[in-house]
Amino acid sequence: MMGNNREFICLSYDLIGNGYFQKLTFVVLIYFSCFAINQVGASIHEYQNQSFFRRSNSFFFHGGSEGLYASKLHVDPDKKPSPEENHLNGKSFIRFESITFRRPKESAEKKNEMQQKTGLVEAIIVEVKDREKIGGSYLHSAAICCTPDLSKEGSCNVGEVIIHQDPNYPYNPQRIQTFFEGKTEETTMLLQTVEINHTGMYYLYFMFCDPELMGTTISGRTVWRNPDGYLPGKMAPLMTYFGLMSLAYLGLGLVWFLWSVQYWKDIIQLQYHITAVIGLGMCEMALWYFEYANFNATGNRPMGITLWAVTFTAVKKTVSRLLLLVVSMGYGVVRPTLGGVILKVLLLGLTYFVFSEALGLVENLGNIDDLTGKARLFLVLPVSLLDACFIIWIFSALSQTLEKLQIRRSMAKFALYRKFTNSLAISVLLSIAWVGYELYFNAADPLSELWQRAWIIPAFWNLLAFVLLVVICSLWAPSNNPTRYAYSEETGDELEDEGISLTSSSVLLAGESANKQLERKERRASNADLFRLGEEVEEDKRE
């Protein structure tokens, strides 16, 4: 069966990658057309005159793949669904609606008009764990369609996809056959609903074996539903998660607001930036919750809410990283402004926002299946590299800020920044460990057989960002004595206007600090000499 596994994996990967750049272009055009279309298909999979692709001795079209939970109620396949579909709670199914196959005119003309069955297209629904049941036997592992030799053995029928049925589970995998008749160029599947009675990751393929049907296209749609709604199984737990995270941000925002009201006269500028990040996080989580709730109820992703949610996510991630960077530079604590380095900071932030927004659009608007393609790496890599730039710059700035505070003997600020550095270092180590786990998870699960645990991957990053924000809030909490952590000219906390850069030398900063301290000592000594001289002149006058 190893040949069947390789065939199934190759077939799945080919389908995932097909049309990726067309999707990306489509998404970008939609975004800048100011909501010309109101909804994007999700659990409702649309097919628009799309072609079949060749694999081995078969032709196939990937109709979708999602994690589905077992139905809690029985589905009546003869009952036509109502538009509202209020009676569907507790039912899990795949429904075929208006599926039409159109073969080339040349192929239709070759057939006998009196024949009832002149072409066969099959819809195959297979659970991932049963993928070995599709395809030839061990001796004919390359075959997907039945050959005359296999037909003689009585294991299959010529012109059909080979399926090895288990007597104990005769309906898995399931096949639904649709025939062309006579010389007709089109045929339509009957409206029917396939009930899902076992929890698993399901693939839908439309396949035919007759080479004369080459060029056939498919139109229509399929509707996939879980017992509690239309959210794919991999995404379903995230709706509850985003709801809980919204409450967590709301609680943090309330505590921060009460803190700020209590000490409103002593608020420093840095604390306003922290307030902005809390507000963005609150809006981001709330938007994702409502987006998922609407998706779960209707089966479509509302473009307006999705675009806002993606944009708020990109803005919050960008602002959060910029906040970490400027805090590491000592802004508002050991320096009043960022000086000339502000342009570099803004350029890095803008670049990160663009790539983060593009990645979010492709993941949430261009993807209708419960899988993401390998081509997603083309946007993941730039975002990862920009994250690495932020990390390097942040720790470089932190190192120089700590050294500056130690030289000036600002012990309170030094202790604050040491706590901040330790917290940031722990979060980076956790991030690296989680990236390693994510790579292992994806490599070990190419067909999403572990789909029920996949929601933890994106949830971790939101949770880590929230915890780090809580740490920053506790370190820079409003108080009645903000001057202990705020910038003060009297302590000589000013730095050069050009600020801290990735290439600046800590030795040079230390030397500059020593020179400034020596100049202040000389000025104090000079003032002392003048004072003594004045006293001597007064004594001479009295004498």
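Does GLU291 count as open to solvent by less than 20 Å² (accessible area, probe 1.4 Å), in a helix (DSSP H, G or I), farther than 19 Å from GLY251 by Cβ and acidic (Asp, Glu)?
It is true that GLU291 is open to solvent by less than 20 Å² (accessible area, probe 1.4 Å), in a helix (DSSP H, G or I), farther than 19 Å from GLY251 by Cβ and acidic (Asp, Glu).
Is it the case that region 96-108 has a residue that's closer than 24 Å to SER448 by Cα and modelled with pLDDT of 95 or more? I'd like the intermediate steps shown before the answer.
We begin by selecting, within region 96-108, every residue closer than 24 Å to SER448 by Cα; these are 96.
Next, only the ones that are modelled with pLDDT of 95 or more stay: 96.
Yes, region 96-108 contains at least one residue that is closer than 24 Å to SER448 by Cα and modelled with pLDDT of 95 or more.
Out of ALA459, ALA425, which single residue is at pLDDT 90 or above, assigned to a helix (DSSP H, G or I) and under 18 Å from TYR241 (Cβ atoms)?
Exactly one of ALA459, ALA425 is at pLDDT 90 or above, assigned to a helix (DSSP H, G or I) and under 18 Å from TYR241 (Cβ atoms), namely ALA459.
A quick yes/no check of all residues on (1) open to solvent by less than 50 Å² (accessible area, probe 1.4 Å); (2) in contact (Cβ under 8 Å) with a residue 60 or more places away in the chain; (3) aliphatic (A, V, I, L, M); (4) out of contact with any Leu (no Cβ under 7 Å at 6 or more places or on another chain):
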{"site": "VAL223", "(1), (2), (3), (4)": "yes, yes, yes, yes"}
{"site": "TRP259", "(1), (2), (3), (4)": "no, yes, no, yes"}
{"site": "GLY279", "(1), (2), (3), (4)": "yes, no, no, yes"}
{"site": "MET282", "(1), (2), (3), (4)": "no, no, yes, no"}
{"site": "LEU287", "(1), (2), (3), (4)": "yes, no, yes, yes"}
{"site": "PHE295", "(1), (2), (3), (4)": "yes, yes, no, no"}
{"site": "VAL315", "(1), (2), (3), (4)": "yes, no, yes, no"}
{"site": "LEU322", "(1), (2), (3), (4)": "yes, no, yes, yes"}
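Kindly list, by first and then second residue, each pair from a residue in region 154-182 that is open to solvent by 50 Å² or more (accessible area, probe 1.4 Å) to a residue that is part of a loop (DSSP other than H, G, I, E, B), limited to pairs with Cβ atoms under 6 Å and residues at least 6 apart or on different chains.
Listed pairs, sorted by first residue: ASN157/CYS146; VAL158/CYS146; PHE179/LYS117; GLU181/GLN116.
Residues to consider are ILE305, ILE342, ILE278; find the one that is under 19 Å from the mean Cα position of the chain (by Cα) and either at pLDDT below 95 or in a helix (DSSP H, G or I) (or both).
That would be ILE305, the only listed residue that is under 19 Å from the mean Cα position of the chain (by Cα) and either at pLDDT below 95 or in a helix (DSSP H, G or I) (or both).
State whether the residues of region 237-253 include one that is part of a helix (DSSP H, G or I), open to solvent by 40 Å² or more (accessible area, probe 1.4 Å) and among the hydroxyl-bearing types (Ser, Thr, Tyr).
yes
So if I check each of GLY220, GLY159, GLY200, GLY243, which one is among the small types (Gly, Ala, Ser), in contact with a helix residue (DSSP H, G or I) (Cβ under 8 Å, 6 or more places away or on another chain) and assigned by the TED database to the domain that holds ILE94?
GLY200
Among the residues of region 297-313, which ones are open to solvent by less than 40 Å² (accessible area, probe 1.4 Å) and small (Gly, Ala, Ser)?
Those that are open to solvent by less than 40 Å² (accessible area, probe 1.4 Å) and small (Gly, Ala, Ser): GLY299, GLY304, ALA309.
Looking only at region 349-366, decide whether some residue is out of contact with any Gly (no Cβ under 7 Å at 6 or more places or on another chain), at pLDDT below 80 and either in a helix (DSSP H, G or I) or open to solvent by less than 60 Å² (accessible area, probe 1.4 Å) (or both).
Yes, some residue in region 349-366 is out of contact with any Gly (no Cβ under 7 Å at 6 or more places or on another chain), at pLDDT below 80 and either in a helix (DSSP H, G or I) or open to solvent by less than 60 Å² (accessible area, probe 1.4 Å) (or both).
Of all the residues that make up region 397-414, how many are open to solvent by less than 30 Å² (accessible area, probe 1.4 Å), of a type outside the set (A, V, I, L, M) and in a helix (DSSP H, G or I)?
Counting residues in region 397-414 that are open to solvent by less than 30 Å² (accessible area, probe 1.4 Å), of a type outside the set (A, V, I, L, M) and in a helix (DSSP H, G or I) gives 4.
Looking at (1) within 20 Å of the chain's Cα centre (by Cα); (2) under 30 Å from THR337 (Cβ atoms), which is the one condition that is false for ILE267?
Only one criterion in (1) within 20 Å of the chain's Cα centre (by Cα); (2) under 30 Å from THR337 (Cβ atoms) is unmet by ILE267, namely (1).
Kindly indicate whether TYR230 is at pLDDT 95 or above and either in contact with a helix residue (DSSP H, G or I) (Cβ under 6 Å, 6 or more places away or on another chain) or crowded, with 19+ Cβ neighbours inside 10 Å (or both).
no
The values are calculated or read from the model by the stated rules, or taken from the named source; none is laboratory data. Remember, it's a predicted structure, so these values are computed and weren't measured experimentally. We place every Cβ from the backbone using ideal geometry, glycine too, and count neighbours over all the protein chains shown. For the accessible areas, the whole protein counts, side chains as well, though only heavy atoms, and no ligand, DNA or RNA atoms are used. Shrake-Rupley method; radii C 1.70, N 1.55, O 1.52, S 1.80 Å.
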